[in-house]
Amino acid sequence: QKEVEQDPGPLSVPEGAIVSLNCTYSNSAFQYFMWYRQYSRKGPELLMYTYSSGNKEDGRFTAQVDKSSKYISLFIRDSQPSDSATYLCAMTPGSGNTGKLIFGQGTTLQVKP
Amino acid sequence: NAGVTQTPKFRVLKTGQSMTLLCAQDMNHEYMYWYRQDPGMGLRLIHYSVGEGTTAKGEVPDGYNVSRLKKQNFLLGLESAAPSQTSVYFCATQRDYSYEQYFGPGTRLTVT
């Protein structure tokens, strides 16, 4: 079983929809959680960075962490065709781990005009 | 600022050939990482460095070597390429006192 599980999709939604992307994990030591966006044939781009449980909002994007359920989510409001990309979750225990991140395999999102 | 750059962008090798991938950063970050990305496998850590002159093994280090002679450069070497090393290779740096990693544009390597 992988430490971080992410449904690869693809997920197809109409423009303007609310998108929910999710990851589950098994290691209760994870404290720092990230979401990356990766456009086709490009490098991953950091989108959201959160510590421990709770919500963080940045424009149309909201990251949510539920450590009790070992579950993280990324919500995209008013989705746009430019949001079409692969979204990767990543996480790390933090201290003493030399920053090594564990990635999910990514969910491919397509937003149709 | 260029951020993180990778050279070359594309390369085709024959089995047994060697090559070096270069990662350069202008953000003055201590930590640097080499990943490979394969379909269905996500990003897997090959080697990493926590500072100039240091290197360490990641999850999939076999068949690769690295060097960090200068803080701004991190080199990934393939001594004898194999078809299993066909992949997209990404370099990343980590912002100091954080776990945020910033990626380069990638190198697409095909080994025939």
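The values are calculated or read from the model by the stated rules, or taken from the named source; none is laboratory data. Just so you know, these numbers come straight off a predicted model, no measurement behind them. Here the Cβ positions follow ideal geometry from the backbone for every residue, glycine too, while neighbour counts run over all protein chains shown. With ligands, DNA and RNA removed, areas are computed over all heavy atoms of the protein, side chains included. Shrake-Rupley method; radii C 1.70, N 1.55, O 1.52, S 1.80 Å.
What to note about this one:
- Residue-count net charge about A:ALA85 - beta-carbon cut-off 12 Å; Lys, Arg +1, Asp, Glu -1: +1
- Relative contact order for chain B: 35 percent, from Cα pairs under 8 Å spaced at least 6 residues apart, divided by residue count.
- Dipole of the protein assembly as shown [Lys/Arg +1, Asp/Glu -1 at C-beta], most positive-end residue of A:ILE72, B:MET19, A:GLY9: B:MET19
- Within the protein assembly as shown, DSSP assigns beta bridges of which about 90% are antiparallel (rounded to the nearest 5).
- Taking every alpha-carbon pair under 8 Å whose residues sit at least 6 apart, chain A reaches a relative contact order of 37 percent.
- Take each peptide in B:66-76, A:3-13, count the other Cβ atoms within 10 Å of every residue, and average; sorted highest first, the result is B:66-76, A:3-13.
- In the range B:73-112, burial by the other protein chains removes 20 Å² or more of accessible area from B:PHE90, B:TYR99, B:GLU100, B:GLN101, B:PHE103, B:PRO105, B:ARG108, compared with the chain on its own (1.4 Å probe, ligands and nucleic acids ignored).
- Relative packing of A:82-89, B:29-36, B:5-12, B:17-24, which averages over residues the other C-beta atoms within 10 Å, highest first: B:29-36, A:82-89, B:17-24, B:5-12
- Entries of A:LYS67/A:LYS100; A:LYS42/B:LYS14; A:LYS42/B:LYS57 with Cα pairs more than 21 Å apart: A:LYS42/B:LYS14; A:LYS42/B:LYS57
- Net charge of Cβ neighbours under 11 Å - reference B:VAL60; Lys, Arg +1; Asp, Glu -1: 0
- Taking every DSSP beta bridge that has both ends in chain B, the antiparallel portion is near 90%.
- Total buried accessible area between A and B, probe 1.4 Å, nearest 100: 1700 Å².
- Top of A:ILE72, A:ILE18, A:ILE102 by mean-square fluctuation, Gaussian network on chain A, Cα under 10 Å: A:ILE18
- Computed from point charges on the beta carbon alone (+1 for Lys and Arg, -1 for Asp and Glu), the dipole magnitude for chain B about its Cα centre is near 320 Debye.
- Rounded, prolate or oblate (a/c below 1.5 giving rounded, otherwise prolate when a/b exceeds b/c) for chain B by Cα gyration tensor: prolate
- Whether chain A is rounded, prolate or oblate, judged on the alpha carbon gyration tensor where a/c under 1.5 counts as rounded: prolate
- Spatially proximal aspartates and glutamates relative to B:LYS71 (Cα-Cα < 12 Å; intrachain offsets below 8 disregarded): B:ASP26, B:GLU30, B:GLU52
- Selected from A:LYS67, A:LYS42, A:LYS56 as most flexible by GNM, with chain A as the system and alpha-carbon contacts under 10 Å: A:LYS42
- Judged by the ratio a/c of the largest to the smallest principal axis of the C-alpha gyration tensor, the protein assembly as shown counts as prolate, that ratio being 1.5 or greater while a/b is larger than b/c.
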